[in-house]
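The values are calculated or read from the model by the stated rules, or taken from the named source; none is laboratory data. Predicted, not measured: the structure shown is a model, and the values here were computed from it. Note: ideal-geometry Cβ built from the backbone for every residue, glycine included; neighbour counts use all protein chains shown. When the accessible area is computed, the model is the full protein with side chains, heavy atoms only, and any ligands, DNA or RNA have been set aside. Shrake-Rupley method; radii C 1.70, N 1.55, O 1.52, S 1.80 Å.
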Amino acid sequence: MSDLATLLVQQSINGVYLGCLYVMVALGLTLIYGVMNQINFAHADFVTVGAFTAFFVATRFATKVLGLGDAAAYLVSIFIALGAGAVLGLLVNAVVFAPLRERGDELRPLIATIGISVLLENGQLALFGPIPFQFDSPFAKETIRLGRVFFTGQSVLVVVASMLAIGALYAFMKFTFTGKALRAVSQDRETAGLMGINPDFLIGLTIVIASAMAGMAGALIGPVLVLTPFAGATVIVKAFAIVIIGGFGNMEGTILAGILVGIIEAFTVQYLGSGLIDLVVFVLLLVMLVVRPTGLIAERREENV
Amino acid sequence: MNIRPSPRRVAVALALAAFALIGSASHAQEKVIRVGVLMPISGPASYFGVQGKQGIELALEQVNAGAGPAGYKLQVQYEDSACSPLQATNTVKRVLEQFKPHIVIGEECSDASLAIAPILEQAKVPLLNAGSSAVKLTESGYKYVFRIFPTADQQGTMLGRNAFEKLGARTAVLLYEKTNAGVDNADTFEKVFTAAGGKVLARIDFGRDVNDFTPIATRIAALGKVDVLPTFGLEGQTVRLAQALAQARVVRGGGGTAIQLGSIWLPWGFEQKAGPASEGYIRVVQFDPTEKRKMVTDFNAAFRAKFGAAETPTHINAHAYDSILLVAEAVRRGATDSESLRDRFSKMQGVEVTTGRISFDAKGQTSDLSVIHFVETQKDLSWKGMAW
């Protein structure tokens, strides 16, 4: 393989890996918007909670209490982070979102997400302190080389875990009754209610699924982040951009946009300079808003009557 | 209308008056130097604030013991300036208004320090800085700014010259965060290195929100033979960067040939976080906890007694500790207010602290570069002093 071809393949691999990380963060956002028409500003903090959960499980509980090896401990930590995200989502829905939904106000839940974000950030700051934690995945130490192209075990894990999570979510939404009901609620909550579907239950379920995905994303992205209580904030702006580029509430669009942004970032670093990453991504976002405001893949939505 | 004060009202008024009198009397008796401390306590640079506070607490215990310097007590108020120009500006205004400090210590990040310097200059309150390297801080004509941290010029000049002369480096790629300090360090290195005959193959900057450095490492790997990689970033990102460069087999820690060079930004313990990727990393340090000077061994012992036997102080602990020692020294030399503190600082020459000897030049910059050492990370992640 020529030098140029090697470089193109290597940066494409880097981009897909980065894109998968973004997709894992962005999917929860788009899911909540798709079903509830609501932006969750606390999503970054759910990711951080997942990262801290995975860190403490992988480095303390699973290794020292359960006696697992590093690799097994990290894998266990991903599932526990997913569970922690789900429990957090359940709690937040029960305590904050459900009571606010009952009042029928659209603005308050939005503001509540900002409150939850501040609460989670400062809670974690009080618990863990501000000094960054060094979260190293054992898979990141394994470098796989195919000729001159390389990637780490962590990249493989992230891509595989993303694909599995996306596949499971996709299958759930397309082929299960609950998934179909959830899509029905996202299209028309009132009519779905008339068909015997319980919209409140499904909205709660959406928050739990999205939070679980955020927790899992935190576990996967944790070994890349500088892990502080504010770590999630470094990826959330990019995740919002991806959700907009992909089409608000559109899963397929989010996946496509996430991978596209990852690849664009890798090639921006190569040919323009890493300092221009944000400029390029947000110019793309503006172009999309002007040229194709519905996103990469537009989803047909009927207006509620 | 005739209002007769009730006995209850009179009693309350008398009590308040008594409290006010007692308060003012105790103020008059208590000789205090108020020190405002602005540090990042939140955000990615918060490790500066946490470690800085440790150094200050230890120094305060020592200098305030007994009667205190010249009978004065140093009174400190900490504020979170978050390494952010905006937050630092708001914070320093509030501190000036409410705490009325005689002197301010801080900030660590150059952008924040540059933001508060003109405000303190206008208020005629000295700023003692121990962590910012942006050249402009002491090159803008401020009369109330003093810095005990080597500037980007001082560090970059030595790094650039030694890379060319001692390491025989002829090619370099500059890696730096997009801040005043990052740019200044990179510019200085480039100026000195290219003037000596070296060639800079690429300048790669990055924002503080960059998490994955693999694309950057890939780009460097594709540039061909690179001798040195001067790197200027905060610890968390530099750890990830070193690991990505090792995975791409660019640096010695990953089986490559390039040597990463670093500034004083990285604290003690960086090697343990970066792991084998940091092997061969050469960097400037201003505080070496293995130094045998009595001042350093005493500081190490006191630090361990207070914070735990397993703890080793970092340069951030040491800088903060030194800042308080210098304020105490100025008070011992007769300083009683902001103006006299400024005056005593401007005359300080060869004052020994843990990070070396401090001699302020006419611009308020420490000029004694005996404080700078070079160390190389070994395979077992220990330091080897470079005889440069």
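To the nearest 10 degrees, how steep is helix B:46-63 against the longest Cα principal axis of chain B, on a 0 to 90 scale?
Helix B:46-63 and the main axis of chain B meet at about 50 degrees.
At a 1.4 Å probe radius, which order do B:Met348, A:Met163 fall into by accessible area, largest first?
A:Met163, B:Met348
To the nearest whole percent, what portion of all C-alpha pairs in the range A:20-232 is separated by more than 31 angstrom?
Roughly 24 percent, once rounded to a whole number.
Provide the buried accessible surface between chains A and B in square angstrom, both chains summed, 1.4 Å probe, rounded to the nearest 100.
Result for this pair: about 2700 Å² buried.
In the range A:18-114, which trypsin sites (Lys or Arg not before Pro) fall in coil by DSSP and have 10 or fewer other Cβ atoms within 10 Å?
A:Arg103
If I take every Cα pair under 8 Å that is 6 or more residues apart in chain A, average their sequence separation and divide by the length, what percent do I get for the relative contact order?
Result for chain A is 36 percent.
Which residue fluctuates the most in chain B, going by a Gaussian network model with Cα springs under 10 Å, if the choices are B:Pro313, B:Pro118, B:Pro215?
B:Pro215
Suppose we compare each residue of the range A:235-253 in its chain alone and in the full protein complex with a 1.4 Å probe; which ones drop by at least 20 Å² of accessible area?
none
Considering the dipole of the range B:153-285 built from charges on the beta carbon (Lys and Arg +1, Asp and Glu -1) around the Cα centre, which of B:Gln154, B:Gly182, B:Gly254 is farthest to its positive end?
So the residue furthest toward the plus end is B:Gly254.
Taking beta carbons within 10 Å but only from partner chains, what does the mean come to for residues A:221-233?
The per-residue average across the peptide is 4.
Can you give me the % of accessible surface on chain B that is carbon or sulfur? Probe 1.4 Å, all protein chains present, nothing else counted.
53 percent
Provide the packing ranking of A:153-160, A:167-174, B:149-156, B:31-38, i.e. peptides ordered by the mean count of other C-beta atoms within 10 Å per residue, highest first.
B:149-156, B:31-38, A:153-160, A:167-174
For the protein assembly as shown, can you list the cysteines whose C-beta has no other cysteine C-beta under 4.7 Å from it?
A:Cys20, each lacking another Cys Cβ under 4.7 Å.
Measuring from centroid to centroid over Cα atoms, what is the spacing of the range B:177-209 and the range A:1-65 in Å?
The two parts, judged by their Cα centres, are 31 Å apart.
Can you give the average number of partner chain beta-carbon atoms within 10 Å of each beta-carbon in peptide B:240-247, as a whole number?
3
What angle do you read, to the nearest 10 degrees and between 0 and 90, between the alpha-carbon axis of helix B:152-165 and the longest principal axis of chain B?
Between the helix axis and the principal axis of chain B, the angle is about 20 degrees.
Just to confirm the number: angle between the C-alpha axis of helix B:294-307 and the first principal axis of chain B, 0 to 90 degrees, nearest 10?
On a 0 to 90 degree scale, this one is about 70.
Which shape class, rounded, prolate or oblate, goes with the protein assembly as shown when its Cα gyration tensor gives a ≥ b ≥ c as root eigenvalues, a/c under 1.5 marks rounded, and past that a/b bigger than b/c marks prolate?
oblate
Pulled fully out, how much extra length does the chain show between B:Arg94 and B:Lys306, if you take 0.36 nm times their separation in residues and subtract their Cα-Cα distance?
73.2 nm
Treating only the Cβ of Lys, Arg, Asp and Glu as charged (+1, +1, -1, -1), what charge dipole size does the protein assembly as shown show about its Cα centre? Round to the nearest 20 debye.
The calculated dipole for the protein assembly as shown is roughly 740 debye.
At a threshold of 8 angstrom on Cα-Cα distance, excluding pairs fewer than six apart, so keeping six or more, what relative contact order does the range B:153-285 reach in percent?
Computed value for the range B:153-285: 24 percent relative contact order.
What accessible area per residue, rounded to a whole number of Å², is obtained for chain B using a probe radius of 1.4 Å?
Value for chain B: 39 Å² per residue.
Cα gyration tensor of chain B, axes a ≥ b ≥ c as square roots of the eigenvalues: rounded (a/c below 1.5), prolate (a/b > b/c) or oblate?
It is prolate, given that a/c is not under 1.5 and a/b is the larger ratio.
Would you work out if the range B:153-285 is rounded, prolate or oblate? Take a ≥ b ≥ c from the square roots of the eigenvalues of the alpha-carbon gyration tensor; rounded if a/c is under 1.5, else prolate when a/b is larger than b/c, oblate otherwise.
Since a/c stays below 1.5, the shape of the range B:153-285 is classed as rounded.
Take the solvent-accessible surface of the protein heavy atoms, probe 1.4 Å, and return the percent of it on the range A:147-305 that carbon and sulfur atoms account for.
Of all accessible area on the range A:147-305, carbon and sulfur atoms account for 70 percent.
Net charge within 15 Å of B:Gly236 by Cβ-Cβ distance, Lys/Arg positive one each and Asp/Glu negative one each, not counting B:Gly236 itself?
Combined, the nearby Lys, Arg, Asp and Glu give -4.
Which of the residue pairs B:Lys93/B:Lys136; B:Lys53/B:Lys199; B:Lys136/B:Lys199; A:Lys238/B:Lys384 have a Cα-Cα distance greater than 31 Å in the structure shown?
Flagged as over cut-off: B:Lys53/B:Lys199; A:Lys238/B:Lys384.
For the protein assembly as shown, what does the helix formula give at 222 nm: sum of -39500 (n - 2.57) over DSSP H segments with n ≥ 4, over the residue count, nearest 500 deg cm²/dmol?
Using -39500 (n - 2.57) per qualifying helix, the result is -18000 deg cm²/dmol.
Based on the mean of other Cβ atoms within 10 Å per residue, sort peptides B:201-207, A:135-141, B:171-177, A:175-181 so the most packed one is first.
Packing order, densest peptide first, comes out as B:171-177, A:135-141, B:201-207, A:175-181.
By Kyte-Doolittle mean hydropathy of at least 0.0 and Cα axial length of at least 27 Å, which whole DSSP H helices of chain A are selected?
A:3-36, A:70-92, A:107-128, A:153-175, A:199-221, A:251-271
Name the lysines eligible as straight-distance cross-link partners of A:Lys141: C-alpha to C-alpha under 23 Å, and not fewer than 8 places from it in the same chain.
Cross-link targets: A:Lys64, B:Lys273, B:Lys379.
Measuring with a 1.4 Å probe in the full set of protein chains, what accessible area per residue, in whole Å², belongs to the range A:20-232?
Accessible surface, normalised per residue, equals 42 Å².
For chain B, set up a GNM with springs between Cα atoms under 10 Å and report which of B:Asn129, B:Asn185, B:Asn64 has the largest fluctuation.
Greatest mean-square fluctuation among the candidates belongs to B:Asn64.
Under the definition of Cα pairs under 8 Å and six or more residues apart, what whole-number percent is the relative contact order of chain B?
16 percent
Roughly how many debye, to the nearest 20, is the charge dipole of chain B about its Cα centre, given +1 on each Lys and Arg Cβ, -1 on each Asp and Glu Cβ, and no other charges?
So the magnitude is around 500 debye.
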